[in-house]
Structure formats: C-alpha cells, structure tokens
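Taking it in order: structure first as structure tokens, then the write-up.
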Amino acid sequence: MILREQLVQFLNQELQSDKIRDYCPNGLQVEGKAQITKLVTGVTASQALLDAAVKAGADAIVVHHGYFWKGEAAEVTGMKKRRLQTLLKHDLNLLAYHLPLDVHPTLGNNAQLGALLRAENISAVSQVEPLGVLMQGALAEPTPVQRIASRLEQTLGRQVLLHQAGDTAVTKLAWCTGGGQGYIEQAAAAGAQLFISGEVSEQTIHVSRELGIHFIAAGHHATERYGIKALGEFIARQLTLDVEFIDIDNPA
Ligand SMILES: [Zn+2]
C-alpha cells in the first residue's frame with residue numbers, strides 16, 4: 001500500500017514533470033482514494049481503459065494521454081461526463097504524464113522505441129525542445145529500410161507505412177513516437193536517413209520525397225505503448241505495488 005500523495009510525489013520527481021511545459025496538466029489529474037494498493041497503466045484514459053481498471057479492482061490509473069488538453073471544451077458533458085463519472089463513482093485516482101513520459105531518458109516512449117529499433121549512440125537532437133522529443137541514433141551496420149520496417153512490424157504486431165526516398169540501406173535514424181511526423185524536417189537537418197514516427201500527414205510524404213529522407217509511420221498507439229508499460233514495471237519494482245498494464249487496442 002502507498003499513500004496517493006507519496007505516489008504522486010514519487011512520479012512527479014522521477015519524470016521531472018514540473019520542468020517541462022506541456023499541453024495538459026501532468027501528475028494527478030483526478031483525485032481518488034487516499035490509499036493505493038492496485039495500479040493500472042495504459043496508453044490513454046479512454047472509457048474502455050477506465051472500465052477495465054474498475055474491473056481489475058484498481059485504486060489508481062496512470063496513463064500517457066490523460067484529460068484537460070489545451071483548447072479542449074471545458075464543459076463536463078457527454079463522453080467527458082461519463083469518463084469523470086466512472087472515476088469519481090469508484091474513487092479512482094487518475095495520473096497522466098504526457099511529454100515527461102515521452103522524453104524520460106530510460107522509461108520514456110522515445111527511449112523505449114530506440115531500443116526496439118536497435119539503435120546505438122542514442123542522443124537527443126539538440127535543436128528541438130523539450131530535449132528528448134526528437135531522438136537520433138545509428139544502426140551497427142547499413143540496413144535496408146525494408147528490413148527495418150519488417151522488423152518493426154514484427155515487434156509492434158501491426159503493419160507500418162514505409163515511404164522510401166533515398167539510399168536503400170541506412171545507418172542514421174531519427175525518431176519521435178506518437179504524433180511526431182512534423183519533426184521530419186528537423187530529422188533530415190540532423191542528418192538522419194530514416195525518420196520514424198507514429199502518425200503520418202499528407203505533407204509528410206512530400207517532405208520525405210523532397211528532402212530524400214525515408215519515413216515510417218508505425219502507429220501512434222503502437223509506438224507509445226512501451227513508455228507507460230516500462231513506467232508501470234518501474235513502479236512495481238520501486239514501490240512493490242501491484243501494477244497491471246492494460247492494452248486497449250487502437251489501430252491509429
Ligand atoms: Zn501521444
């Protein structure tokens with residue numbers, strides 16, 4: 001068992017959440033019960049995740065995508081009402097870490113994707129803030145992009161979109177999980193031959209063609225599953241809590 005305040009303090013400190021400017025509040029978003037024994041983690045605080053957490057007997061949920069985004073409607077109606085009602089009715093705590101979880105040097109989404117890509121000499125592209133949002137690294141040997149794409153498909157358990165636009169074999173990679181396709185120009189400027197992100201936009205393909213940098217969109221959900229999973233395993237180890245990662249499938 002751990003007190004809510006202790007858990008929040010522990011996570012805020014580990015993820016340095018007060019040092020990163022974000023589009024949503026990081027840390028405790030919805031207050032629930034004071035004592036926590038069972039914790040559920042997931043990518044997004046969707047209704048399906050909340051329902052699964054209730055079923056699992058959770059006292060707290062920790063996610064990457066929480067609520068209260070900059071620009072979202074403030075009214076508590078419809079879908080938002082139902083989600084908050086589920087949390088409040090069951091006295092469930094909701095904690096969310098967005099950018100702080102993307103950029104954490106070992107547990108972060110980008111760090112985890114770098115490991116899945118088998119990249120070495122990993123570093124943050126220094127021109128992009130917050131540091132760690134756009135990462136770069138190198139493969140041990142020149143590898144055909146088609147092979148990198150197939151390996152990713154196997155690891156992530158889904159199809160990826162590969163747009164080829166340069167030499168067949170590459171060593172220099174850059175990546176940003178989730179909706180990071182807009183960083184493709186910075187990736188090219190940093191010298192990457194292949195840029196990997198979660199999502200794709202129409203214009204991403206034009207940039208890929210015109211700058212001669214290969215591009216892979218591997219899924220927003222699929223590329224951001226690993227940070228929150230790693231964070232949950234870290235919490236279980238450090239705080240000896242019962243932590244369960246629940247994956248709510250999402251093709252996007
Ligand atoms: Zn995301």
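Elements of the type helices (runs of 4 or more DSSP H) sitting completely within region 160-233 and holding at least 3 residues that are within 16 Å of the ligand (Cβ to nearest atom): these cover 220-223.
Test of understanding: among L113, L131, L50, which residue is buried (at least 16 other Cβ atoms within 10 Å of the Cβ) and in the same structural domain as S197 (by TED's automatic domain parsing)? Even if it seems obvious, please write down each step before you answer.
Details: L131 fails: buried (at least 16 other Cβ atoms within 10 Å of the Cβ); L50 fails: in the same structural domain as S197 (by TED's automatic domain parsing).
None of the others qualify; the one that does is L113.
Selection of region 204-236 for residues being crowded, with 23+ Cβ neighbours inside 10 Å and among the polar types (S, T, N, Q) yields S208, T223.
Regarding V76, is this residue out of contact with any Pro (no Cβ under 6 Å at 6 or more places or on another chain) and either crowded, with 17+ Cβ neighbours inside 10 Å or not assigned by TED's automatic domain parsing to the domain that holds I20 (or both)? In short, no.
Note on region 101-139: residues that are free of Cβ contacts under 8 Å to residues at least 24 places away in the same chain and touching a Ser or Thr at 6+ places or on another chain (Cβ under 8 Å) total 0. Filtered by the rule that a residue be of a type in the set (V, I, T) and within 16 Å of the ligand (Cβ to nearest atom), region 79-116 gives a lone residue, V103.
Quick one: in region 126-156, which of the residues that are aliphatic (A, V, I, L, M) and under 18 Å from the mean Cα position of the chain (by Cα) is nearest to Q16 (Cα to Cα)? Explain how you work it out, then say what you get.
Of region 126-156, the ones aliphatic (A, V, I, L, M) are 128, 131, 133-135, 138-140, 145, 148-149, 152, 156.
Those still in the list that are under 18 Å from the mean Cα position of the chain (by Cα) too: 128, 131, 133-135, 152, 156.
Numbers: V128: 18, L131: 13, V133: 14, L134: 18, M135: 19, L152: 30, L156: 28 Å.
Among residues in region 126-156 that are aliphatic (A, V, I, L, M) and under 18 Å from the mean Cα position of the chain (by Cα), the one nearest to Q16 (Cα to Cα) is L131.
Residue check: L92 meets all listed conditions (1) touching a helix residue (DSSP H, G or I) at 6+ places or on another chain (Cβ under 9 Å); (2) of a type outside the set (S, T, Y); (3) not assigned by TED's automatic domain parsing to the domain that holds Q35 but one, namely (3).
The values are calculated or read from the model by the stated rules, or taken from the named source; none is laboratory data. Computed from a predicted structure; not experimentally measured. Please note: Cβ atoms are built from the backbone with ideal geometry, for glycine as well, and neighbour counts cover all protein chains shown.
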